[in-house]
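A.B. asks: One structure is given below, represented as structure tokens, and several questions about it will come after.
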2 protein chains.
Amino acid sequence: MRIALIGFGVVGKSLVELLEQQQAVLRDRHGLAAKFVAVVDSKGAAVGEHGLSAGELLAAKAAHGTVAAIPGHGLKNADANRIIAESGAQVLVETSPSDLKKPDAAIGHLRSAMSHGLHAVTVNKAPLAVAMPALLELAAYNRVQLKFSGTVGAGTPVLAWAKRCAQGNRVRSLKAIINGTTNFILSNMTEKGLAFDEVLREAMRLGYAETDPSNDIDGIDTAMKLVILANHVMDRRATFSDVQVKGIRGLSSEAIESARARGNVVKLIGRVEGDRLSVAPEEIPQNAPMNVGGSLNAVTLDCEVGGEVTLVGRGAGGPETATAIVRDLIDVWRDGESKR
Amino acid sequence: MRIALIGFGVVGKSLVELLEQQQAVLRDRHGLAAKFVAVVDSKGAAVGEHGLSAGELLAAKAAHGTVAAIPGHGLKNADANRIIAESGAQVLVETSPSDLKKPDAAIGHLRSAMSHGLHAVTVNKAPLAVAMPALLELAAYNRVQLKFSGTVGAGTPVLAWAKRCAQGNRVRSLKAIINGTTNFILSNMTEKGLAFDEVLREAMRLGYAETDPSNDIDGIDTAMKLVILANHVMDRRATFSDVQVKGIRGLSSEAIESARARGNVVKLIGRVEGDRLSVAPEEIPQNAPMNVGGSLNAVTLDCEVGGEVTLVGRGAGGPETATAIVRDLIDVWRDGESKR
């Protein structure tokens, strides 16, 4: 399987390492031999039709900050869309940085790939949050797979699990704690009685929060993931603009304290209920399965038969996200094999 | 898709009702039209190559205690294995009552089906607990599907979720609360400070425990499910005799109380760790994601990348188990379609 990888940050590097480590397992168990025929980072690219060496990719990035430094394979001025089209790749893996304000480059990569007949695997939320219905249609039209397991829950297979629950049953509603940073902040406010600003500073110091934390604390990240869940699990053709979003910025210690007095905790919860998609801080009972501490994620589905089921797991991390990409690659490969 | 159904108790009836209800969805979304060409209950059978009517099956069972009462289709002296072989069914659904002491009839049905080229869907734990490695081999040899989603977690897709976690990652160990009856007993002893015998009587009165509760309270049910998890998720070719089993019979209130003093709760936990499969009451921290109340189930996997993930949901119920069968039927159908 020939892969073009766009983005060579934490997730991209973890993927290259993981595929190298798991080579034997993937070959023996799935008949899958994966190689990178192109890798694009923010400063350039490397291409090699017989597959680029994992060692060389990682060494060039570490020493020179770009894979363009690999002798004989590096390209300084690389146009990602041209590389996607001309690399001979069968699958695009999209891990470039993108946020809700600038989703266009990543959307462009996905479009280029799919219209050239490549399958696409993305861990980028923003393109799906703004254009998931259109991208799913494009995939169907071009008869290619569009996979995005790593966008929600990182390595915890939230989307596959939820889809499975929906098969042979109906998911009536969904509620989700799917942003580790805000859950870390709320857990610490609750357990240690600290103020919002204090915990936010601590979260930044520990690397749980970005220098600009608005994506997390204003509920944007939760809303993007909610859109993906709603489309994938409940067949809602929603985009980001359909979500009512309220974050936790400046939440008072009093709110936390008075919730506690009622036997509750405050969590930032994304909900799909009826036609409504919303993100807001909410009180839930202390003994609810969704009351997960630290930076954990939790998703609860209310199913027509059987009631509530809850999945709890870590929702972030480069190596974790890379495992989701590997699962997607295995699925794409199997699907291709079964059609042969 | 032509189905032969063995066993027409709570689960079997729920399945007939569910397939009737979901007819339109299954046809529109999956291209699947399911019909029952044979149904076998404890007193007889009904066969009909053009499909038996759901209404007639349920009415005959309600009025006469057997589907053999359906005019023109009923058979009084029915040999299940012969019906499996001669009914023209493509899939066997096995829901007959079976326990660890008498797994042979159900194993026989599965063997008959698979050696005649039928796919098999079972919700029976006992055959898998004693012979899962052999049955998986038989399925592979005959190139048919053997599905068993409903054996663990009823409607909660524990097995599919865990398998998904293992794809592209490695499950290092597994611990599971997978018996609702014992969890109900332990939750009530903990929350209400009652004695074991008292709660067991209450559980029987409410229908949470059988008249002979040994299957549950001696850990046998948990051990059977653990064998299925170990085979499916961690590729251990284990059977019931490989499990060290200790139940909760006669557990003292003092044990519960002293656990509480340490900030812990007592749960009946099945574990796969290294080469060891075990079932025993254990203390876990009160705030662990696995500390689930009532009759809930919880399964925690420890993954090489990403650490622990936990799934919480109901683990019993006829209609719930029927949704698992429908999911398996959809999978069998899709797999067949993709090979055409």
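The values are calculated or read from the model by the stated rules, or taken from the named source; none is laboratory data. Note that the structure is a prediction, hence the values are computed from the model and not measured. Cβ atoms come from the backbone with ideal geometry, glycine included; neighbour counts cover every protein chain shown. Quick note on the areas: whole protein, heavy atoms, side chains included, nothing else; ligands and nucleic acids left out. Shrake-Rupley method; radii C 1.70, N 1.55, O 1.52, S 1.80 Å.
A.B. asks: Given (1) at pLDDT 95 or above; (2) of a type outside the set (A, V, I, L, M, F, W, C); (3) crowded, with 21+ Cβ neighbours inside 10 Å; (4) assigned to a loop (DSSP other than H, G, I, E, B), identify the lone condition not met by A:GLY117.
C.D. replies: (3)
A.B. asks: Would you check which residues across the stretch A:239-258 are under 15 Å from A:ASN179 (Cβ atoms) and without any contact (Cβ under 8 Å) to a residue 24 or more places away in the chain and list them?
C.D. replies: Once the filter is applied, which keeps residues that are under 15 Å from A:ASN179 (Cβ atoms) and without any contact (Cβ under 8 Å) to a residue 24 or more places away in the chain, the stretch A:239-258 yields nothing.
A.B. asks: So which residues in the stretch B:87-100 are assigned to a loop (DSSP other than H, G, I, E, B) and within 24 Å of the chain's Cα centre (by Cα)?
C.D. replies: Looking only at the stretch B:87-100, we keep the residues that are assigned to a loop (DSSP other than H, G, I, E, B), and these are B:87-90, B:95-100.
B:ALA89, B:GLN90, B:THR95, B:SER96, B:PRO97, B:SER98, B:ASP99, B:LEU100 - these are the residues of the stretch B:87-100 that are assigned to a loop (DSSP other than H, G, I, E, B) and within 24 Å of the chain's Cα centre (by Cα).
A.B. asks: Mind checking which strands (runs of 3 or more DSSP E) fall wholly inside the stretch B:223-340 and carry at least 1 residues that are farther than 28 Å from B:THR190 by Cα?
C.D. replies: Values: elements: B:243-245, B:264-273, B:276-285, B:297-303, B:307-313.
Counting at least 1 such residues, we get B:276-285, B:297-303, B:307-313.
A.B. asks: Based on what the data block shows, is A:ASP242 at pLDDT 95 or above, acidic (Asp, Glu) and open to solvent by less than 20 Å² (accessible area, probe 1.4 Å)? Full working, then the answer.
C.D. replies: Numbers: at pLDDT 95 or above: yes; acidic (Asp, Glu): yes; open to solvent by less than 20 Å² (accessible area, probe 1.4 Å): no.
No, not satisfied.
A.B. asks: If B:ARG164 satisfies all but one of (1) in contact with a strand residue (DSSP E or B) (Cβ under 9 Å, 6 or more places away or on another chain); (2) over 30 Å from B:ASN264 (Cα atoms); (3) within 12 Å of chain A (Cβ to nearest Cβ), what's the number of the condition it fails?
C.D. replies: In the conditions (1) in contact with a strand residue (DSSP E or B) (Cβ under 9 Å, 6 or more places away or on another chain); (2) over 30 Å from B:ASN264 (Cα atoms); (3) within 12 Å of chain A (Cβ to nearest Cβ), B:ARG164 misses (1) alone.
A.B. asks: So, in the stretch A:45-86, exactly how many residues are open to solvent by less than 30 Å² (accessible area, probe 1.4 Å) and either touching an Asp or Glu at 6+ places or on another chain (Cβ under 6 Å) or assigned to a loop (DSSP other than H, G, I, E, B) (or both)?
C.D. replies: Number satisfying all stated conditions: 8.
A.B. asks: Follow-up question, since we're still on this one. For the stretch A:203-224, give me each residue that is β-branched (Val, Ile, Thr) and open to solvent by 50 Å² or more (accessible area, probe 1.4 Å). Steps first, please.
C.D. replies: Step one: list which residues in the stretch A:203-224 are β-branched (Val, Ile, Thr), which gives A:211, A:217, A:220, A:222.
Result: A:THR211, single match.
A.B. asks: Looking only at the stretch A:286-305, count how many residues are free of Cβ contacts under 8 Å to residues at least 60 places away in the same chain and touching a strand residue (DSSP E or B) at 6+ places or on another chain (Cβ under 6 Å).
C.D. replies: Pass one, the stretch A:286-305, residues free of Cβ contacts under 8 Å to residues at least 60 places away in the same chain: A:286-289, A:291.
Retained after the next criterion (residues that are touching a strand residue (DSSP E or B) at 6+ places or on another chain (Cβ under 6 Å)): A:286, A:289, A:291.
Of the residues in that region, 3 qualify.
A.B. asks: In the stretch B:292-320, which residues are of a type in the set (S, T, N, Q) and facing chain A (nearest Cβ under 9 Å)? Steps first, please.
C.D. replies: Taking the stretch B:292-320 and keeping what is of a type in the set (S, T, N, Q), we get B:295, B:297, B:300, B:310.
Correct list: B:THR300, B:THR310.
A.B. asks: Which residues, taken from the stretch A:275-285, are without any contact (Cβ under 8 Å) to a residue 24 or more places away in the chain and surrounded by 15 or more Cβ atoms within 10 Å (Cβ to Cβ)?
C.D. replies: Of the residues in the stretch A:275-285, the ones without any contact (Cβ under 8 Å) to a residue 24 or more places away in the chain are A:275, A:282, A:284-285.
Matches in the stretch A:275-285: A:GLU282, A:ILE284.
A.B. asks: Just the residues that are exposed (fewer than 15 other Cβ atoms within 10 Å of the Cβ) and aliphatic (A, V, I, L, M), please, taken from the stretch B:245-274.
C.D. replies: Correct list: B:ALA261 only.
A.B. asks: What are the residues in the stretch B:106-142 that are among the charged types (D, E, K, R) and free of Cβ contacts under 8 Å to residues at least 12 places away in the same chain, if any? Reasoning before the result, please.
C.D. replies: Of the stretch B:106-142, the ones among the charged types (D, E, K, R) are B:111, B:125, B:137.
Listed by number, the list holds a single entry, B:GLU137.
A.B. asks: Also, quick follow-up: Give the number of residues within the stretch B:133-172 that are under 23 Å from B:ASP218 (Cα atoms) and either of a type in the set (Asp, Glu) or not in a helix (DSSP H, G or I) (or both).
C.D. replies: Looking only at that region, the number is 3.
A.B. asks: So, one more: State whether the residues of the stretch A:147-163 include one that is outside the structural domain of A:ASP331 (by TED's automatic domain parsing), farther than 20 Å from A:SER241 by Cα and either free of Cβ contacts under 8 Å to residues at least 24 places away in the same chain or basic (Lys, Arg) (or both).
C.D. replies: Within the stretch A:147-163 (the criterion being outside the structural domain of A:ASP331 (by TED's automatic domain parsing), farther than 20 Å from A:SER241 by Cα and either free of Cβ contacts under 8 Å to residues at least 24 places away in the same chain or basic (Lys, Arg) (or both)), the answer is yes, since at least one residue qualifies.
A.B. asks: Return the residue satisfying two criteria in turn: it lies in the stretch B:87-105 and is buried (at least 16 other Cβ atoms within 10 Å of the Cβ) and free of Cβ contacts under 8 Å to residues at least 40 places away in the same chain, and of such residues it is farthest from B:VAL40 (Cα to Cα).
C.D. replies: Taking the candidates together, the pick is B:PRO103.
A.B. asks: Take B:LEU18 and decide whether it is in a helix (DSSP H, G or I), buried (at least 18 other Cβ atoms within 10 Å of the Cβ) and more than 20 Å from the chain's Cα centre (by Cα).
C.D. replies: Values: in a helix (DSSP H, G or I): yes; buried (at least 18 other Cβ atoms within 10 Å of the Cβ): yes; more than 20 Å from the chain's Cα centre (by Cα): no.
The answer is no for B:LEU18.
A.B. asks: Determine, yes or no, whether B:VAL299 is surrounded by 21 or more Cβ atoms within 10 Å (Cβ to Cβ) and modelled with pLDDT under 95.
C.D. replies: no
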